[in-house]
Amino acid sequence: MTDLLLSQIKPGGESPFGTDEYVVNMGPQHPATHGVLRLVVKLDGETVKETMPVLGYLHRSIEKICENRTYPQCITYTDRVDYVSAMSVNLAFALATERLMGLEAPPRAQWLRMIFVELQRLASHLLWMGAFAGDIGALTPFLYGLRERERILDLFEMTCGQRLTYNYIRIGGVMIDILPEFVPKCRAFLDYFEPKIPEYEELLTYNPIFLERTKGVGVITPEVGINCGVCGPSLRGSGISCDVRKQQPYLFYNQVKFNECLENDGDCWARYKVRMNEMRESVSIVRQCLDRLEPGPIETKLPPILKAPPASEIYSRIESSRGEMGIYLVGDGTPKPYKAKFRCASFSNTFVLDQLTRGWKVADIMAVLGSLDMIVPEVDR
Amino acid sequence: MISGEKIVQLVSGLLQQVYALLGLSAYAGILDRVVCAVVMFGFVAVFVMFLVWMERKVSAHMQSRIGPNRVGPLGLLQTLADAIKLTTKEDVHPVKRDKIPYFIAPILAFVATFMGMVVVPFDNKMVVADLNIGILYIIAITSFTVIAILSAGWSSNNKYSLLGGFRSAAQIVSYEVPLVLSLVPVIMITGKLNFSGIVQYQQQAGYWFVFPQFVAFVTFIASATAEANRAPFDIPEAESELTGGFHTEYSGVKFAMFFLGEYVAVVVSSAVAATVFLGGWLPPFPFLGFIPGFLWFMLKVLLVIYLIMAFRWTFPRLRVDQLMDFGWKVLIPITVLNILVTGFVVLLAGKGA
């Protein structure tokens with residue numbers, strides 16, 4: 001496929017100065033393409049003529065592996081789909097399986113799931129903020145983002161012993177109940193974290209260079225966004241309401257108060273702003289969940305062998321940190337899914353890149369790529 | 001009281017005796033210069049090592065980290081360890097490189113910036129070569145780096161390097177203009193192109209040029225940052241876009257030369273700013289005159305360097321066209337306007353040179 005792509009790019013002399021096009025391979029090893037994304041970029045001097053994402057460098061065939069594993073075993077693999085936001089994928093798969101089998105987790109488990117998924121959103125957005133700022137040359141916010149993320153990971157570690165791939169949200173509930181000191185520690189973190197958001201905003205949001213680099217750059221118009229299947233915060237930056245938590249509330253999202261963050265410009269700055277505001281909303285959601293948490297069981301009683309009903313299928317979606325995370329499962333009456341398909345936000349978000357960067361400069365590829373918040377393992381699965 | 005002048009007298013007296021012992025008194029003039037140059041080289045090399053450490057500490061402080069703290073007290077020897085690592089490293093180079101420019105580029109980058117230091121006065125009479133056209137010399141010699149970077153970019157036979165090289169050429173050519181133009185008002189007021197002369201003028205006038213010429217100071221710092229390829233104007237080596245830019249294909253000693261060259265360029269720019277705008281070796285208040293002048297000078301240089309470092313760790317990077325816009329549409333008009341206004345004032349005050 002790669003050869004085909006490269007053969008389409010021919011040096012051509014349309015310019016009066018007889019210049020040639022310049023084909024640059026950005027990646028799979030490059031300091032800025034988060035992970036192993038490869039971009040074949042056609043340049044005219046500094047101006048981008050075409051950007052072609054080449055995928056597959058991190059393909060682990062997780063969907064196929066899931067077809068040969070029992071449902072509870074699959075949860076472990078879902079951690080690796082998006083390791084920056086593993087809780088969300090855990091939740092997506094667990095919810096899909098529960099819906100397929102007509103199970104429901106007890107209330108305490110649902111509140112716990114919400115707490116962890118929203119904390120995960122904070123962690124993911126913090127990492128994104130750092131990486132995005134790093135992409136456009138500001139190296140300091142990355143360290144700030146990671147500093148706060150560490151404290152969230154400490155909370156996770158305290159509960160389930162893991163810092164990256166948690167395997168915490170299970171079918172029918174969660175792995176283990178929180179420790180008694182979790183709630184005060186979590187509240188302490190939120191109190192510490194909330195005043196930090198304005199600090200980051202001070203550093204970046206209205207910095208003239210940051211504005212120059214992001215305002216008006218990489219505009220996703222509502223039509224392009226919908227046609228390309230862009231989702232999540234990237235689409236909300238264009239003013240389209242698409243938050244699954246609002247549109248199809250799962251868990252207890254209909255019982256907590258939060259706003260869907262929207263911006264209208266559709267440029268990199270708008271997407272940045274949406275995510276910064278989402279962090280504030282997540283803090284408020286976690287607070288409400290902590291208030292509503294009541295003692296009770298943390299998992300439903302499951303049959304010894306989980307079997308999906310024959311010829312059953314489900315498409316279940318949640319709002320992960322990056323956008324709509326959909327799981328399509330087909331059950332055939334055996335303990336293993338007949339078919340599993342993950343609809344990942346990063347995958348669909350990657351492919352607007354070409355439309356957004358045409359005619360812009362090389363440096364804008366990085367700004368746009370950073371603002372879309374794509375994670376390569378989620379693209380390749 | 002220690003002063004630069006006394007040290008210079010002491011050392012030159014000592015040197016005369018050494019020459020006499022060796023029977024080389026006839027060549028004293030040349031030998032003096034050679035000794036001066038070697039001393040300056042050693043001093044700048046050590047100072048740059050300190051700066052690399054300082055940059056890491058400053059960035060660590062700004063990023064709530066600790067920074068180097070293992071090698072030597074406070075990690076001060078970290079740079080030395082890095083230098084040893086770089087010099088003992090295998091020199092990996094691309095097979096299809098253009099051999100001669102590839103070899104010359106790092107040397108040129110290193111030497112050209114080092115040569116700038118010789119005209120900077122550390123204290124009254126404490127200068128390697130007190131050229132009467134010091135400012136012109138320093139501007140001419142530091143622009144050599146563009147040739148080094150361009151040939152590095154071209155000869156590496158790497159697409160990222162080439163892009164970095166061309167970006168650098170465009171950038172340095174554009175920012176050379178406001179750099180020179182922001183020095184012009186000072187030259188108009190003092191009528192001198194000689195660094196010591198400019199400091200002496202500030203001594204007699206009783207003020208530093210940063211106060212009447214604040215605009216020129218700001219534009220000078222901005223263009224000097226760009227000249228030294230430092231963030232937010234570091235597009236020639238923009239890491240997140242061009243991997244390493246022009247030095248992508250360089251490793252070991254050659255990379256170290258580019259790296260040192262960049263820091264020396266920062267030192268030279270800061271030294272010029274300290275001399276021209278911040279009164280060089282002069283103390284801020286007369287009663288602080290008991291502190292030797294060269295210490296004041298170093299303090300001011302460090303202050304300017306700290307400012308440039310703080311830029312790097314705070315700001316995002318400009319895009320290449322925005323960089324050009326900023327140079328041609330913002331800095332140059334401001335500096336030209338500043339020259340016009342200064343010209344009027346000088347005429348009205350009737351002390352034009």
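The values are calculated or read from the model by the stated rules, or taken from the named source; none is laboratory data. Here the structure is a predicted model, which is why all the values come from computation and not from measurement. No Cβ is skipped: glycine too gets one built from the backbone with ideal geometry, and neighbour counts run over all protein chains shown. Please note that ligands, DNA and RNA were not included when accessible areas were found on the heavy atoms of the full protein model with its side chains. Shrake-Rupley method; radii C 1.70, N 1.55, O 1.52, S 1.80 Å.
Within the range A:121-143, the set of residues being more than 7 Å from chain B (Cβ to nearest Cβ) and over 17 Å from the mean Cα position of the chain (by Cα) comprises A:PRO141, A:PHE142. Cβ-Cβ distance below 8 Å, separation of 6 or more or different chains: which pairs start in the range A:108-124 with a residue that is open to solvent by 10 Å² or more (accessible area, probe 1.4 Å) and end on one that is assigned to a helix (DSSP H, G or I)? These pairs meet every condition: A:TRP111/A:CYS289; A:TRP111/A:ARG292. Cβ-Cβ contacts under 9 Å between residues 6 or more apart (or on different chains), taken from a first residue in the range A:179-195 that is free of Cβ contacts under 8 Å to residues at least 24 places away in the same chain to a second residue that is open to solvent by 40 Å² or more (accessible area, probe 1.4 Å) and basic (Lys, Arg), are listed as A:LEU179/A:LYS185.
Out of B:PHE246, B:PHE277, B:PHE233, which single residue is within 14 Å of chain A (Cβ to nearest Cβ), buried (at least 22 other Cβ atoms within 10 Å of the Cβ), of a type in the set (Phe, Trp, Tyr) and over 21 Å from B:PHE50 (Cα atoms)? Step through it out loud before you land on a result.
Details: B:PHE246 fails: within 14 Å of chain A (Cβ to nearest Cβ); B:PHE277 fails: within 14 Å of chain A (Cβ to nearest Cβ).
Just one listed residue meets the conditions, B:PHE233.
For the range A:19-40, taking the residues that are modelled with pLDDT of 80 or more and at the interface with chain B (Cβ under 10 Å from one of its Cβ atoms), the one that is nearest to A:ILE136 (Cα to Cα) is identified as A:MET26.
Counting only residues that are open to solvent by less than 50 Å² (accessible area, probe 1.4 Å), closer than 18 Å to A:MET114 by Cβ and not charged (D, E, K, R), the range A:294-322 holds 7 of them.
Residues are listed down the side, and each one gets a yes or a no for (1) open to solvent by 30 Å² or more (accessible area, probe 1.4 Å); (2) closer than 19 Å to A:ASP373 by Cα; (3) not aromatic (Phe, Trp, Tyr):
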site	(1), (2), (3)
A:GLY35	yes, yes, yes
A:LEU39	no, yes, yes
A:ASP44	yes, no, yes
A:SER61	yes, no, yes
A:LYS64	yes, no, yes
A:ARG80	yes, yes, yes
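When the range B:290-320 is examined, which residues are found to be open to solvent by less than 60 Å² (accessible area, probe 1.4 Å), within 27 Å of B:GLY164 (Cα to Cα) and either among the small types (Gly, Ala, Ser) or more than 14 Å from chain A (Cβ to nearest Cβ) (or both)? B:VAL304, B:ILE305, B:ILE308, B:ALA310 - these are the residues of the range B:290-320 that are open to solvent by less than 60 Å² (accessible area, probe 1.4 Å), within 27 Å of B:GLY164 (Cα to Cα) and either among the small types (Gly, Ala, Ser) or more than 14 Å from chain A (Cβ to nearest Cβ) (or both).
Among the residues here, A:GLU281 qualifies as acidic (Asp, Glu), in a helix (DSSP H, G or I) and either open to solvent by 10 Å² or more (accessible area, probe 1.4 Å) or in contact with a Cys (Cβ under 9 Å, 6 or more places away or on another chain) (or both).
Any idea which of A:ILE197, A:ILE220, A:ILE226 is modelled with pLDDT under 90 and in contact with a Ser or Thr (Cβ under 7 Å, 6 or more places away or on another chain)?
Values: A:ILE197 fails: in contact with a Ser or Thr (Cβ under 7 Å, 6 or more places away or on another chain); A:ILE226 fails: in contact with a Ser or Thr (Cβ under 7 Å, 6 or more places away or on another chain).
Matching residue, one of A:ILE197, A:ILE220, A:ILE226: A:ILE220.
Can A:ASP291 be described as out of contact with any strand residue (DSSP E or B) (no Cβ under 8 Å at 6 or more places or on another chain), open to solvent by 10 Å² or more (accessible area, probe 1.4 Å) and either free of Cβ contacts under 8 Å to residues at least 12 places away in the same chain or in a helix (DSSP H, G or I) (or both)? Criteria met by A:ASP291. State whether the residues of the range B:321-343 include one that is touching a residue at least 24 places away in the same chain (Cβ under 8 Å), surrounded by 19 or more Cβ atoms within 10 Å (Cβ to Cβ), of a type in the set (A, V, I, L, M) and within 14 Å of another protein chain (Cβ to nearest Cβ). Within the range B:321-343, one or more residues are touching a residue at least 24 places away in the same chain (Cβ under 8 Å), surrounded by 19 or more Cβ atoms within 10 Å (Cβ to Cβ), of a type in the set (A, V, I, L, M) and within 14 Å of another protein chain (Cβ to nearest Cβ). The combined condition, being surrounded by fewer than 22 Cβ atoms within 10 Å (Cβ to Cβ), at pLDDT 90 or above and more than 14 Å from chain B (Cβ to nearest Cβ), is fulfilled by A:LEU153.
Selection of the range A:344-366 for residues being open to solvent by 60 Å² or more (accessible area, probe 1.4 Å) and either without any contact (Cβ under 8 Å) to a residue 24 or more places away in the chain or closer than 14 Å to A:ILE327 by Cβ (or both) yields only A:PHE347.
Residues in the range A:299-308 that are of a type in the set (D, E, K, R) and part of a loop (DSSP other than H, G, I, E, B): A:LYS301, A:LYS307.
Residues are listed down the side, and each one gets a yes or a no for (1) open to solvent by 20 Å² or more (accessible area, probe 1.4 Å); (2) more than 14 Å from chain A (Cβ to nearest Cβ); (3) modelled with pLDDT under 85:
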site	(1), (2), (3)
B:PHE214	yes, yes, no
B:PHE220	no, yes, no
B:GLU237	yes, no, yes
B:VAL272	no, yes, no
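Looking only at residues in the range B:155-188 that are within 14 Å of chain A (Cβ to nearest Cβ) and free of Cβ contacts under 8 Å to residues at least 40 places away in the same chain, the one that is most open to solvent (accessible area, probe 1.4 Å) is B:PHE166. Being of a type outside the set (Val, Ile, Thr) and part of a loop (DSSP other than H, G, I, E, B) is the filter here; which residues of the range B:254-306 pass it? Of everything in the range B:254-306, those that are of a type outside the set (Val, Ile, Thr) and part of a loop (DSSP other than H, G, I, E, B) turn out to be B:PHE277, B:LEU278, B:GLY279, B:GLY280, B:TRP281, B:LEU282, B:PRO283, B:PRO284, B:PHE285, B:GLY289, B:PHE290, B:PRO292.
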